[in-house]
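What follows is a short report on a single structure.
The values are calculated or read from the model by the stated rules, or taken from the named source; none is laboratory data. All figures in this text were calculated on a predicted structure; none of them were measured in a lab. Using ideal geometry, Cβ is built from the backbone for each residue, glycine included, and neighbour counts are taken over all protein chains shown. Side chains are part of the model used for accessible areas, which takes the heavy atoms of the whole protein and leaves out ligands, DNA and RNA. Shrake-Rupley method; radii C 1.70, N 1.55, O 1.52, S 1.80 Å.
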Amino acid sequence: MTSSTAVAHRICPFCEASCGLELDLEEGRVVRIRGDRNDVFSKGFLCPKAIGLKDLHDDPDRLRLPLIKRDGKFVEASWMEAYAEIERRLPPIIAAGGPDAVATVLGNPVSHKMSLMLYFPRLARALGTRNMFSASSVDQVPKMLSVGLMFGSWLSVPVPDIERCDFLLILGANPMVSNGSLWTVPDFRGKAKALRARGGRMVVVDPRRTETAEVADAHHFIRPGADVFFLLGMVQALFEEGLVRPGRLAAHCNGFEELAAAVRDYVPERVAARCGIDAATIRGLARTLAATPRAAIYGRIGTCTQQFGTLCSWLIDVINVLTGHLDEEGGAMFPKAAAFAANTRGKPGAGRGVVSGRHRSRVSGAVEVAGELPITCLAEEIDTPGPGQVKALIAIAGNPVLSSPNGPRLAAALDGLEFMVSLDIYLNETSRHADVILPGPSPLEDAHYDVSFTQFSHRNHARYSPPVLPRQPGQPDEWESLLRIAAIAQGQGASTDIEALDAAALEQELDKLFGPAAAQVMAALAPQRGPERLLDLALRTGPYGDGFGRMPAGLTLDKIRQAPSGIDLGPMTQRIPEALRTPSGKIELAPPMLLDDLARVAADLAAPAPDLVIVGRRQLRSNNSWMHNLPALAKGAYRCTALVHPVDAARLGLFDGGMAQLRNGERRIDVQVEVSDEMMPGVVSLPHGWGHDLAGTRLGVAAGRPGVNLNALLDENLRDPLSGNAVLSGVAVEMAPL
Ligand SMILES: Nc1nc2c(c(=O)[nH]1)N[C@H]1C(S)=C(S)[C@@H](COP(=O)(O)OP(=O)(O)OC[C@H]3O[C@@H](n4cnc5c(=O)[nH]c(N)nc54)[C@H](O)[C@@H]3O)O[C@H]1N2
Ligand SMILES: Nc1nc2c(c(=O)[nH]1)N[C@H]1C(S)=C(S)[C@@H](COP(=O)(O)OP(=O)(O)OC[C@H]3O[C@@H](n4cnc5c(=O)[nH]c(N)nc54)[C@H](O)[C@@H]3O)O[C@H]1N2
Ligand code: SF4
Ligand SMILES: [Mo]
């Protein structure tokens, strides 16, 4: 070992599993990446994507300097020039059109970046726009809405306690590949194996026999978009067969009778044909859940991104309650995050609950949920003239041109904007439309704490990663850019002292929290700044915190810093009623908004199955749209294939490796066919996030094997009306050989 070798630690920023990594550094370069065996949470696990951290850092296409579009061409610019350009162009748009003339759109990596998570709210406040969009509405808003209504806060998501569970029913999720979602569970494979080794069982319900189904005890095909029928059948069976045993939660729930009445008509025998699962199986799964002391049902993307997303999300938690598995060891439990969780703040046991629909989108009248409008409304808000039209966009770590339905319409709309800023590390399918691109540092150059994923972790923990490498000279952190744009929007100018601005905002907050002691708290947080200062505050006032001295053994950021592999905070523990924030202080089993939506289900019960519908899929060496430029991950067999069952292939004249056209009305895309009996007959599966053949990007590797954009086929007007989430699953398509 020479003096220039070192070992550093970093939480992997690529997926929700949030694995702790150990990096070998030589001469200031990362030479090796492995799982940190001492990590209190991930215990050495990593997947092939972790290696991509090095490729990402070294990627010559990754932007290191701001770009400004001049005469249609991007040129590199200094940071001050880039901010000056924003100052020149953004305030006049706000002055002319009001706050709603500026929209914001956030992408998935925001939730993996402490800097963006903690400082976007400052920008949002400065802008005051109601036109806020994010990838949440092509993802998890249905779950947020259902848990919000049931438990009182948007992120109170119960997660399977997999290490103590003996029966796990998984719907519309493929954690063997995705590594878990709204369920932070590194090494799902190892945990599933352990579950089975102790005699437990796992069952998967999915229109594809997935990698997760392969390691399960049983798999059932389900008609895409029909989970609501399957779930209603289970709930009905539980009531009908006298299997409803909520145990200690009985005293903490409202709405048993309303629920029983609402599901009465959905006897398994009536819904079986609609969902494609026979009544005996539906009843059998309900009985197994009810009879197994430690069991849980879990659903994810497949159950959210469909026309009944909110109802599915609700029924999954309802079943956990009815079978006595919610908030019980080995069931579905509430994590207790060390910082930032709404269900650990304020008065325990009751609160204001959540409301949606405080405003509606201008063009389609879609409802606001959790402060946001559906991302599928973004294009129409830009391309529909009239008062309130969106004229400027700030896009942050998102690539909606590929990730949102009808990407081509959005791309055209973006060209019609008066001004667009992208905070992004690539010149890609979305940022190419920007006038200014501000690149964040590489993940190796910034500090990290899992603001989001500690709230969904199957075990409680607190881990912090300091920057692994020094930042490039002059490179601001992303929170600094957000504050600068906030200052510009408020008319304070690009060269405002953002340190002072940051301190002033915090002082205001501390005044509210601590009154006369505020100055003392501010002093105790010094000399930290930016996100670390907010993190320390949240930790110290959080459920394990030192309370600024009141609990001397409690957590501070410094204590976590001293533990490079993190601090374990134990398995999940019972949190009902303390975690509830509903006005009633009860779990709301039968929110009226959800019961009303059952009318849509009733009307759909007899819907005939289209000949062919499409669903999505995820792949291990990829993450949404943006990791296809990393050589270590991009190599290997061509992956953007359309999987079809042999029966469909024969029926439609398709053959393995051949090309076919997928059609949805006027929209069409050409795909490579892969024939596989892992598909349910009548269902085709295509991954999203591909289609890197658009002009004007700088993605050398990805452009070499672009794949096709699934979202060029999907319809931006199909939404779950309650949550506004896009319908990505179960959409009828036609397919023909080329
Ligand atoms: N048809 C279909 N569509 C889907 C889905 C599906 O299952 N089917 N899934 C949906 C889901 S769940 C999601 S979450 C969305 C994702 O939707 P998006 O978030 O829009 O898509 P990503 O591909 O994650 O794009 C991330 C962007 O962030 C940039 N980026 C990466 N790291 C950083 C960083 O550190 N800082 C900054 N500033 N930028 C960074 C990347 O260059 C890229 O432009 O896609 C959705 N779209
Ligand atoms: N390797 C990798 N990991 C990722 C990502 C990635 O792109 N690649 N993306 C990350 C993101 S942003 C997210 S949100 C998570 C998502 O994590 P998961 O929810 O585990 O996502 P998927 O792997 O897409 O699994 C969804 C499953 O739903 C099935 N499905 C589709 N329609 C239906 C339906 O109507 N009913 C039922 N029951 N099933 C259906 C699909 O066949 C698929 O197997 O993964 C994250 N992790
Ligand atoms: S599973 Fe997710 S967090 Fe873990 S190494 Fe892979 S990409 Fe990173
Ligand atoms: Mo996602």
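Based only on Cα atoms, what Rg/Rh ratio does region 530-649 have, Rh being taken as Kirkwood's radius? Working shown, then result.
Details: Rg = 25.0 Å, Rh = 21.5 Å.
We get a ratio of 1.16 for region 530-649.
Suppose accessible area is computed on protein heavy atoms with a 1.4 Å probe; arrange 209, 550, 264 from highest to lowest.
Details: 209 75, 550 185, 264 145 Å².
Most to least solvent-accessible, the answer reads 550, 264, 209.
Residue 635 contributes an accessible area of around 130 Å² to the protein surface, as traced by a 1.4 Å probe with all chains present.
Accessible area of the chain with a 1.4 Å probe: how many percent of it is carbon plus sulfur? On the chain, the fraction of accessible area on carbon and sulfur atoms equals 53 percent. The Cβ shell under 11 Å around residue 45 holds other residues with a net charge of +2, Lys and Arg each +1, Asp and Glu each -1.
Look at the dipole of the chain built from charges on Cβ: of 457, 447, 691, the Cα furthest out on the positive end belongs to 457. Note on region 480-528: Cα convex hull, mean projected area over all directions, 3.7 nm².
Around residue 417, with a cut-off of 10 angstrom between Cβ atoms, what is the net charge of the other residues, counting Lys and Arg +1 and Asp and Glu -1?
-3
Taken along its principal axes, the alpha carbon cloud of region 614-667 reaches lengths of 38, 25, 16 Å, longest axis first.
So for the chain: antiparallel DSSP bridges make up what percent, rounded to the nearest 5? Working shown, then result.
Numbers: 43 of 86 bridges.
The antiparallel proportion sits near 50 percent.
One quarter of the convex hull surface built on the alpha carbon atoms of region 124-173 amounts to 5.5 nm², the projected area averaged over directions.
Take every DSSP beta bridge with both residues inside region 350-488 and express the antiparallel ones as a percent of the total, to the nearest 5.
On the way: 4 of 12 bridges.
So the antiparallel bridges in region 350-488 amount to around 35 percent.
The alpha carbon convex hull volume per residue for region 256-322 rounds to 99 Å³. Of the whole protein surface, residue 551 contributes about 110 Å² of accessible area at a 1.4 Å probe radius.
Write down, largest first, the equivalent ellipsoid semi-axes of region 1-135 in whole Å, where each equals the square root of 5 times an eigenvalue of the alpha-carbon gyration tensor. Spell out each step's value before the answer.
On the way: eigenvalues 280, 86, 29 Å².
Value: 37, 21, 12 Å, ordered largest first.
Inverting the pair-averaged 1/r between distinct Cα atoms of region 1-58 gives 11.6 Å as its Kirkwood hydrodynamic radius.
What fraction of the DSSP beta bridges in region 610-737 is antiparallel, stated in percent and rounded to the nearest 5?
On the way: 14 of 23 bridges.
Here the antiparallel bridges make up roughly 60 percent for region 610-737.
In this structure the amide hydrogen of residue 674, modeled in the peptide plane, comes within under 5 Å of the amide hydrogens of 642, 643, 644, 657, none closer than 5 places in sequence on its chain.
Stick to the Cα atoms of region 249-368, pair each with every other, and give me the Kirkwood hydrodynamic radius in Å at one decimal.
Working: mean 1/r = 0.0578 Å⁻¹.
After inverting the pairwise mean of 1/r, the radius is 17.3 Å.
Each eigenvalue of the Cα gyration tensor of region 497-565, multiplied by 5 and square-rooted, gives one semi-axis; in descending order these are 21, 15, 8 Å.
Shown are 217, 693, 61, whose ranking by accessible area with a 1.4 Å probe and every protein chain present, most to least, is 693, 217, 61. Site pair residue 24 and residue 635 shows an inter-label distance of 1.9 nm when each label is modelled 7 Å from Cα along Cα→Cβ. In this rough spin-label picture, where each label sits 7 Å from Cα along the Cβ direction, the residue 568-residue 31 distance is 3.2 nm. Size check on region 67-111: the Cα extents along the three principal axes, sorted descending, read 32, 30, 21 Å. Each stretch of four or more DSSP H residues adds -39500 (n - 2.57); spread over every residue of the chain, this sum gives -9000 deg cm²/dmol at 222 nm. With R₀ fixed at 45 Å, the C-beta to C-beta distance from residue 261 to residue 732 puts the FRET efficiency at about 0.85. If you take all other residues with their beta carbon under 10 Å from the beta carbon of residue 283, and give Lys and Arg +1 and Asp and Glu -1, the sum is -3.
Over the Cα atoms of region 373-436, the radius of gyration divided by the Kirkwood radius equals 0.93; this is the Rg/Rh ratio. Derived from the Cα gyration tensor, the three semi-axes of the equivalent ellipsoid of region 340-386 are 32, 11, 6 Å, largest first.
In this structure, the amide hydrogen of residue 209, modeled 1.01 Å from its nitrogen in the peptide plane, lies closer than 5 angstrom to those of 679, 680, counting only residues at least 5 positions away or on a different chain. The Cα-based radius of gyration of the chain, divided by its Kirkwood radius, gives an Rg/Rh of 0.95. Helices that extend 24 Å or more along their long axis by alpha-carbon positions and average at least 0.0 on the Kyte-Doolittle scale are, among the DSSP H runs of the chain, 79-97. Quote the accessible area belonging to residue 558 in square angstrom, nearest 10, computed with a 1.4 Å probe and with ligands, DNA and RNA left uncounted. Here the accessible area works out near 90 Å².
For residue 143, the lysines whose Cα comes closer than 19 Å to its Cα, not counting residues fewer than 8 places off in the same chain, are 336, 586. Probing with 1.4 Å while keeping every protein chain in the model, the per residue accessible area of region 192-242 equals 32 Å².
For residue 684, the residues 5 or more places off, or on other chains, whose built amide H falls under 5 Å of its own are 613, 614, 615.
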